[in-house]
Amino acid sequence: MQIVLSREDLDKYDIVQKAIKKEITSKAAADILRMTDRQLRRLKNKVRANGAAGLIHGNRGKEGRHKMTLEERIKIVELLHKHYSDFKPGFASEKLEEMHGLDRDPKTIRAIMVAEGLWKPNKKKNRAEHRTWRRRKDAYGEMEQFDGSDEEWLEDRGPRCSLLASIDDATGRITKARFAANEGVMPVFSFWKDYLLKNGRPRAIYADKFSTYKMNSKFARENHELLTQFQRACNELDIELIPANSPQAKGRVERLFATLQDRLIKELRLFRINTIGEANKFLEEIFIDKFNARYSVEPVFKVDLHRQLTIRDEEQLDSIFSKQSIRVARNDFTISFNNRWYQLVEKQPVTVCKKDEVIVEESLDGTVKIRLRGKYLNYEILPARPKKNLQPWVLPATTPKEPNKPAPNHPWRRRVSL
């Protein structure tokens, strides 16, 4: 019988022979071959019994018992080309098992995709900058990482939209995700209002320095009372808002979006979802639970640090999550807001004076309220801008008056006899 040995096998055989002949110690031979003493003893026994053939694994040259049949391989290749051509190997293997009952190791699917030209192995990235690792928070609800991602989530089947998502820092769970038209103030307010009603108030929110969350201008930095709408809302709710100095600082939510941009887009395609409403329903009913079951971890402390809303908190949510602007009551008790004019009526719950600064609240449903010293004012919407009095205020023309001369018979002119 002809035995074919590789160069590695020959080197191993030479070292084992030297150990058998006691030219080197067994410990030195094990160190050279990078194996344990037990492994070396077993290898020496095989070489004594079978010679060089003892180095060859018993399954070499034999077909594996779990080898894929040609029919199954052809079926997998067809499915990969038809449905999963742009999937990553791990995700493709999951879908082949979930949708088609083909349970194969991701490495096997990866090899098939490489052979079919559907996947190119990634090159290792050189990390030029070292960043210090930050350990997770200890409990659920201690800190939520929050961000939005504008992407073609529905590809060419629907409008471009933004995905707003929060992920718990301690557990890695998606606590809420929602598609919206944009990442503006109102969609963010609607997101967090629903979040608080469902989960309560988290201890902190970790967000980036996007203009919705933090004022970045020099003027804002020099005037600390000038806050964004989101900062103001967090302050009123006693939630610490932490602005991240870089995307890497809030890496958990950044990696979440990297995963979602790969997986969620393809899931929406497979389920033929074409609208934002259908996409949000899919998130709530299917995707989030499945994602959390796969990727979430156990926290250090199994306690929920969310603070439940009181009845007073719930009553104030509409006011807190409203877009608030300061306006000044004019002399005719009118207020301008968003190119509309509002007339404050005579009967009010609080005294209103000219030049009073009032707060105009624009609610999530589009209604407008005007508040002064904690009371909502009564108003009427004017059909047009009040007409100004074009007649200038002019004082009447006057001439210098001549000094009054007393009459001849005036008492001042009479002589007084002493």
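Structure data summary
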quantity: Matching residues, region 367-418, being more than 30 Å from Asn339 (Cβ to Cβ) and either among the β-branched types (Val, Ile, Thr) or at pLDDT 90 or above (or both); calculated: Val394, Thr398, Thr399, Val416
quantity: Check on Ile359, at pLDDT 90 or above, within 54 Å of the chain's Cα centre (by Cα) and loosely packed, with under 10 Cβ neighbours inside 10 Å; calculated: no
quantity: Residues located in region 261-294, provided they are exposed (fewer than 15 other Cβ atoms within 10 Å of the Cβ) and among the aromatic types (Phe, Trp, Tyr); calculated: Phe271
quantity: Residues that are of a type outside the set (Lys, Arg) and under 14 Å from Val358 (Cβ atoms), drawn from region 323-340; calculated: Gln324, Ser325, Ile326, Val328, Ala329, Phe333, Thr334, Ile335, Ser336, Phe337
quantity: Candidate set: region 182-201, residues that are more than 15 Å from the chain's Cα centre (by Cα) and in contact (Cβ under 8 Å) with a residue 40 or more places away in the chain; chosen: the one nearest to Ser363 (Cα to Cα); calculated: Met186
quantity: Region 305-339, subset acidic (Asp, Glu) and surrounded by 15 or more Cβ atoms within 10 Å (Cβ to Cβ), residue modelled with the highest pLDDT; calculated: Asp318
quantity: Per-region count, region 11-29, residues farther than 13 Å from Ala52 by Cα and surrounded by fewer than 13 Cβ atoms within 10 Å (Cβ to Cβ); calculated: 5
quantity: Subset tally (residues that are closer than 20 Å to Phe189 by Cα, among the charged types (D, E, K, R) and assigned to a loop (DSSP other than H, G, I, E, B)) for region 143-159; calculated: 0
quantity: Filtered residues of region 21-44 (kept if assigned to a helix (DSSP H, G or I) and hydrophobic (A, V, I, L, M, F, W, C)); calculated: Ala28, Ala29, Ala30, Ile32, Leu33, Leu40, Leu43
quantity: Cross-chain or 6+ apart pairs with Cβ under 9 Å, region 29-57 first and acidic (Asp, Glu), then part of a helix (DSSP H, G or I) and modelled with pLDDT of 85 or more; calculated: Asp37/Ser26; Asp37/Lys27; Asp37/Ala30
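The values are calculated or read from the model by the stated rules, or taken from the named source; none is laboratory data. Every value quoted in this text rests on a predicted model; they were computed, and no experiment measured them. Every residue, glycine as well, gets a Cβ built from its backbone with ideal geometry; the counts of neighbours run over all protein chains shown.
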